[in-house]
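Please read the structure below before turning to the comments.
The values are calculated or read from the model by the stated rules, or taken from the named source; none is laboratory data. The model shown is predicted, which means the values in this text are computed figures rather than measured ones. Note that each Cβ is placed from the backbone with ideal geometry, even for glycine, and that neighbours are counted across all protein chains shown.
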Amino acid sequence: MVLVELLGSGNAFLPSGRLHSFLAIDKHIVVDCPPTALASLRKAGISPADIDTILITHVHGDHVFGFPFFLLERKYISDREGLKELTVAGSSGVKERLTHLCNLAYPGSLEEILETINWVDVPNLEGWTMERFEVLHEPEVDPHGWMMTNDEGWSMIHSGDSGPFEDLWGRIGRCSFAVVEMGVPEWVNTEYHHKPSDITKLANKYPNTKMVITHTFIDSDYQIITKEVPDFPPNVIHGEDGMEFEINSDGLVL
């Protein structure tokens, strides 16, 4: 059984009632490290020291600017002896960008812990075969998604921030479980994010894939832009912070 926790579901603008988009798998793998990462982990009762792998999708601020605080917490609170290994997986520029970010945030404080990190392109994780693939987003931030195939034969995917395109959608169609961003309302003119109509088309094309929407613009508490959730097909769940999903050995979402 695999446990997937949606620790945050909001886009860069933090719709009401939401923290930044943030995902945990079996309480030790996370996707990205947003500004609200520590708050999300605290709320879920997960120690930063128990995170052994961070999968980076891209280096926009709402996806990685929590990294210095995450390391600072490990160094001074949850892993003072430096006994827990940490792997950060991402494109060739991730190490440089995150190291620079840490040096800006806490000069002189994080150099030692940065040197202990295992920086990799794709991690070697027990029980999984991992694949990082390019997606349709602003090229300056080297955007990627993650496809994860479990040793029991089923796959799940995290789209990262991406607009709709054939390769991503085809991968989603091969997965039991997909976490897909829907960062903008219908009226925003961009090819770099999914809109509600895109999600509807995607879900109708692949009705056997359970899809959870993250990085949403829709408010959960009080209204800033809108609280109205579109009428999606039945295989779509519009994510909320704190949602949990269990996936069994057959890839079925319980």
Exercise for review: State whether the residues of the range 32-53 include one that is out of contact with any Pro (no Cβ under 6 Å at 6 or more places or on another chain) and modelled with pLDDT under 95.
Suggested key: no
Review point. Taking the range 183-210, which residues are of a type in the set (Lys, Arg) and touching a residue at least 24 places away in the same chain (Cβ under 8 Å)?
Key: Lys201, Lys205, Lys210
Exercise for review: May I ask you to say which residue of Phe232, Phe165, Phe177, Phe245 is surrounded by 21 or more Cβ atoms within 10 Å (Cβ to Cβ) and among the aromatic types (Phe, Trp, Tyr)?
Suggested key: Phe177
Revision key, fill the gap. Of (1) crowded, with 19+ Cβ neighbours inside 10 Å; (2) assigned to a strand (DSSP E or B); (3) not acidic (Asp, Glu), Thr149 satisfies every one except (1)
Practice item. Pull up the range 185-223, narrow it to residues that are in contact with a Leu (Cβ under 9 Å, 6 or more places away or on another chain) and among the charged types (D, E, K, R), then point me to the one that is nearest to Gly239 (Cα to Cα). Key: Lys210
Revision key, fill the gap. Considering only helices (runs of 4 or more DSSP H) wholly within the range 23-128, the ones with at least 1 residues that are farther than 18 Å from Ser159 by Cα and over 13 Å from the mean Cα position of the chain (by Cα) are 37-44, 67-73, 94-105, 111-116
**Study point:** Yes/no for Glu240 being part of a strand (DSSP E or B) and in contact (Cβ under 8 Å) with a residue 40 or more places away in the chain
**Key:** no
Review point. Any chance the range 209-218 includes a residue that's modelled with pLDDT of 95 or more, in contact with an Asp or Glu (Cβ under 7 Å, 6 or more places away or on another chain), under 21 Å from His137 (Cβ atoms) and assigned to a helix (DSSP H, G or I)?
Key: no
Check your understanding: touching a Leu at 6+ places or on another chain (Cβ under 9 Å), of a type in the set (Ser, Thr, Tyr) and over 17 Å from Asp241 (Cβ atoms), is that true of Thr226?
Key -> no
Exercise for review: For the range 180-206, enumerate the residues that are surrounded by fewer than 17 Cβ atoms within 10 Å (Cβ to Cβ), among the β-branched types (Val, Ile, Thr) and in contact with a Phe, Trp or Tyr (Cβ under 7 Å, 6 or more places away or on another chain).
Suggested key: Thr200
